[in-house]
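Trainee: Below is the structure I would like to discuss, written out as structure tokens.
No value in this document is a laboratory result; all are computed from the given coordinates. This is a predicted model, so every value here is computed, not measured. Cβ placement follows ideal geometry from the backbone for every residue including glycine, while neighbour counts extend to all protein chains displayed.
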Amino acid sequence: MAVAAAQKNREMFAIKKSYSIENGYPSRRRSLVDDARFETLVVKQTKQSVLEEARARANDSGLDSEFQDAATHNGNDANTPTVEDGTQQDETKNGHLADADIGDDAGKADEDYTLTEEEVILQNAASESPEAEQAIQQAALLLRMRDGMGTLARILKTIDNYKGCVEHLETRPSQAAGVQFDALVKVSMSRINLLQLIRSLRQSTSFAGVDLMSDNNISTKTPWFPRHASDLDNCNHLMTKYEPELDMNHPGFADKEYRERRKQIAEIAFAYKYGDQIPSITYTESENATWQRVFNTVLDLMPKHACREYKAAFGKLQAADIFVPHRIPQLEDVSNFLRKHTGFTLRPAAGLLTARDFLASLAFRVFQSTQYVRHANSPFHTPEPDCIHELLGHIPLLADPSFAQFSQEIGLASLGASDPEIEKLSTVYWFTVEFGLCKENQQLKAYGAALLSSIGELLHALSDKPELRAFEPASTSVQPYQDQEYQPIYYVAESFEDAKEKFRRWVSTMSRPFEVRFNPHTERVEVLDSVDKLETLIWQLNTEMLHLTNAVKKLKGLHFE
Ligand SMILES: C[C@H](O)[C@H](O)[C@H]1CNc2nc(N)[nH]c(=O)c2N1
Ligand SMILES: N[C@@H](Cc1ccc(O)cc1)C(=O)O
Ligand SMILES: [Fe+2]
């Protein structure tokens, strides 16, 4: 009974779709930040019904502590989903595979396996119809052989038993401890048999690993990424983990009215299309009051703790009557303000976006901004981005030219990057744009948006509690982090210019085989993959160079005349 319940639970929380699979990115097994995965509506709804029951027990005045524990636990389960296969358990026994062939560890037969994304694709393809199941599939398997080459004979025999055809075979001495050889075997066989072959190989103790490699139609396809600002209409995949509907620790979890309001505002983002004006929101008195509390605290703390560039832009936003204490600025006004200063614009976002989508928009100098307001009970720290975070945290620096360029460069580097690289880029983003500290006349200042919008965390960051390290992209990009509590480590940049320079050098070591460039006239990202395109660009730059040189000449002429 308990096993069945656990199985059911796993099925409910399994992620059935992946952004990466859909768009042809090289996969990885598990993500540090869950960034490129997204949950289907189905998963979300099932989660919701589980939580609904729990919510019924909590009243609107808050959650008791026993309940909070359950919430944390539940949240963790939902956040680290694995895609499980619930159907395979007995099938290895009915195939042609004789136990003696390769399966010599019957004890492992009942174990659940975590499927890689390639295996999920294969399985999905096979499950479409009986014909699809029998369709012949080409695939490459990487087998880590613990023992000598003798295992090869058994591999070949097993493939033969599954009516597979070996098309290529190569081996190499393995570098892994406890593994003698790696074998790469390319086969073609029916999908159903291929799945069973993988399962039966995995049951053998002869192998330290059995991996289905990306199949051709995944790895050779150029991954999709937005080429024009209007393509961002498709870059709105959400991470639902901190939504008040689904996160029992969210201050709005037990507040039905709050959740309704948030949903209503999020609808605007779902309906928004490139070129639309951002609809205004008539914020309630209570929402404006929450803004005012945070705004006034930022005003108090800013002179001492915020970096120079933030303060300068903040002043301009006040002068433009956009930042005022008593009302929440409208995104459309903010967008127009930014456009004039750095060319950045805003689009409404319905919640926490996947890192891939979020970063991609920065390449177009578009910032995806939430529009709903944090819960009135927790003005000084909230678990998901809200418009107070975007407005008081991000907007001022997006009006700074140097910072705007740094943001865009992270965005450009993310286009077409592999999942592990997205993970690194979002980690850099995390420790700079969200939580960065910088030096100013030997003093420590905050420039990270999540510090400037969360007074609680700002004071923590500048206290003697956390560890401070120098920003160095190579090491910063692999530093694990969590997004539940205050950070234990912060990175300090010498200056924006220095951070940008270091970042640029580091990005050039990334594996993407092409360069991209944003053309602001067309709002298009161009892949620099032909001599023609480069020649046109060089010609344009030469023209610009001529103007600049002329300008210098004229200025000098004026000076010396
Ligand atoms: C890129 C990085 O993961 C970063 O934390 C992103 C993720 N998604 C987001 N989504 C929204 N709406 N707002 C944000 O500030 C962010 N930050
Ligand atoms: N903690 C931030 C909001 C935030 C949440 C999650 C993030 O990923 C970023 C920012 C605040 O209170 O203002
Ligand atoms: Fe943010």
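Trainee: If each residue of separation counts as 0.36 nm, what is the full-extension length gain between H547 and N377 once their alpha-carbon separation is subtracted?
Mentor: 55.6 nm
Trainee: Turning to a different aspect of this structure: Once a ≥ b ≥ c are taken as the square roots of the eigenvalues of the Cα gyration tensor of the range 418-513, is the result rounded (a/c under 1.5), prolate (a/b larger than b/c) or oblate (a/b not larger than b/c)?
Mentor: It comes out oblate by the Cα gyration axes.
Trainee: Moving on. At what distance in nm do the modelled label points of M213 and H521 sit from each other, each positioned 7 Å from its Cα along Cα→Cβ?
Mentor: 4.4
Trainee: Which of K304/K465; K273/K311; K340/K554; K311/K502 have a Cα-Cα distance over 30 Å?
Mentor: The pairs that break the limit, which is 30 Å between Cα atoms, are K273/K311.
Trainee: Provide the per-residue ³J(HN,Hα) series for the range 268-278, in order, calculated from phi with Karplus coefficients 6.51, -1.76, 1.60 and θ = phi - 60°, each as a whole number of Hz, with x at glycine and proline positions.
Mentor: 4, 5, 5, 7, 5, 10, 3, x, 5, 6, 7
Trainee: Less than 16 Å from a label point 7 Å out along the Cα-to-Cβ axis of L184: which backbone N atoms in the range 136-167 qualify, by residue?
Mentor: 139-145, 167
Trainee: By average Cβ neighbour count within 10 Å, what is the ranking of 414-422, 394-402 from highest down?
Mentor: The peptides rank, most packed first, as 394-402, 414-422.
Trainee: Ok, one more. Looking at the square roots a ≥ b ≥ c of the eigenvalues of the Cα gyration tensor of the range 227-369, which shape do they give, rounded for a/c under 1.5, prolate if a/b is larger than b/c, or oblate?
Mentor: Judged from the Cα gyration tensor, the range 227-369 comes out oblate (a/c at least 1.5, b/c at or above a/b).
Trainee: If each Cα of the range 229-507 is one equal point scatterer, what is log10 of I(q)/I(0) from the Debye formula at q = 0.07, 0.08, 0.09, 0.17 Å⁻¹?
Mentor: The Cα Debye sum returns log10 ratios of -0.22, -0.29, -0.37, -1.58.
Trainee: HN-Hα J couplings of the range 456-467 from phi, Karplus 6.51/-1.76/1.60, θ = phi - 60°, integer Hz, Gly and Pro as x?
Mentor: Those phi angles translate into x, 6, 4, 5, 5, 4, 9, 7, 8, 6, x, 8 Hz.
Trainee: Can you compute 3J(HN,Hα) from phi for each residue in the range 420-426, using the Karplus curve 6.51 cos²θ - 1.76 cosθ + 1.60 with θ = phi - 60°, rounded to whole Hz and x for Gly and Pro?
Mentor: Couplings: x, 6, 4, 4, 5, 5, 6 Hz.
Trainee: Next up: Quickly rank 151-162, 514-525 as a protection proxy: mean count of other C-beta atoms within 10 Å, highest first.
Mentor: 151-162, 514-525
Trainee: Going by a ≥ b ≥ c, the root eigenvalues of the Cα gyration tensor, does the range 306-451 fall in the rounded group (a/c under 1.5), the prolate group (a/b larger than b/c) or the oblate group?
Mentor: Since a/c stays below 1.5, the shape of the range 306-451 is classed as rounded.
Trainee: Can you compute the charge dipole magnitude of the range 229-507 about its Cα centre, using +1 on each Lys and Arg Cβ and -1 on each Asp and Glu Cβ, nothing else charged? Give it in debye, rounded to the nearest 20.
Mentor: 520
Trainee: Between K316 and K554, with labels modelled 7 Å along Cα→Cβ, what's the label distance in nm to one decimal, could you check?
Mentor: Calculated label separation equals 2.4 nm.
Trainee: Based on the mean of other beta carbon atoms within 10 Å per residue, what is the order of 374-381, 193-200, most packed first?
Mentor: Top of the packing list down: 193-200, 374-381.
Trainee: Which residues among the range 397-413 fall inside the zone where the amide N is under 11 Å from a point 7 Å beyond the Cα of E472, along Cα→Cβ?
Mentor: Under cut-off, by backbone N: nothing.
Trainee: Same structure, new question: Grab the Cα-Cα distance for D276 and L299, subtract it from 0.36 nm times how many residues apart they are, and report the gain in nm with one decimal.
Mentor: 5.0 nm
Trainee: Could you give the nm distance between label points at L152 and N234, where each point is 7 Å from its Cα heading toward the beta carbon?
Mentor: Going by the 7 Å Cα→Cβ label model, 4.4 nm.
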